[in-house]
Amino acid sequence: MTNGLTIRENTFTAAEFIALWESVWSGAPAFEQVEKALANSVYRVGIYDGEKIVGMARMIGDLGLCYYIKDVIVRPEYQGCGAGRMLLDRLLTFIRKNGVPGTDIAAELCAMPDKMPFYAKFGFAANEAQRMRLMLRAGEEA
């Protein structure tokens, strides 16, 4: 526990995910999508103030070569109090503990430009690769 905040692993719900998403962005994914994403995440961590979730992050990956950090969200009123650091510390510890001993493992994420200095504090560095995305509508023929 830090700053009165507690960490819970692999417990936050789809409803909590959506509530946090909507505290920062609009257009939250569908409840069913979030349930499936959480069930298939390698690891997820939530930060709580009492029973209220105030931050979260999750990780996807192959458990061997690459981990991808996703959906790092801290409620605006809790930003700057150490919650984000708690999330990243826990994610990076998970990778170190669960990777193949003696090997290098890529930990990747995508960050908005204003958040890049935060991630740089952990050793993340931008590279020349450009992120590409294609949105597909599930349930429709090609």
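All of the numbers you see were taken from the coordinates with simple rules; none came from a lab. Nothing here was measured: the structure is a model prediction, and the numbers come from that model. Note that we place each Cβ from the backbone using ideal geometry, even for glycine, and neighbour counts take in every protein chain shown.
Some values worked out for this structure:
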| read-out | value |
| --- | --- |
| Selection of trypsin sites (Lys or Arg not before Pro), region 87-142, meeting DSSP coil and at most 12 other Cβ within 10 Å | Lys121, Arg131, Arg133, Arg137 |
| Highest-fluctuation residue, Gly61, Gly27, Gly84 considered, GNM on the chain with Cα pairs under 10 Å | Gly27 |
| Coil-residue GluC sites (Glu not before Pro) of region 87-142, DSSP, other Cβ within 10 Å capped at 11 | Glu128, Glu140, Glu141 |
| Set of aspartates and glutamates near Lys36 by C-alpha distance (under 18 Å), chain-local residues within fewer than 8 positions excluded | Glu9, Glu16, Asp62, Asp71 |
| Calculated [θ] (222 nm, deg cm²/dmol) that DSSP helices of n ≥ 4 give over the chain, each run adding -39,500 (n - 2.57) | -8500 deg cm²/dmol |
| Taking the C-alpha atoms of region 23-75, convex hull volume expressed per residue in Å³ | 91 Å³ |
| In region 1-72, chymotrypsin sites (Phe, Trp or Tyr not before Pro) in a DSSP loop with at most 14 other beta-carbon atoms within 10 Å | Trp25 |
| Three-way shape label, the chain, alpha-carbon gyration tensor, a/c 1.5 | rounded |
| Percent RCO, i.e. relative contact order, over region 1-79, from Cα pairs under 8 Å lying at least 6 residues apart | 31 percent |
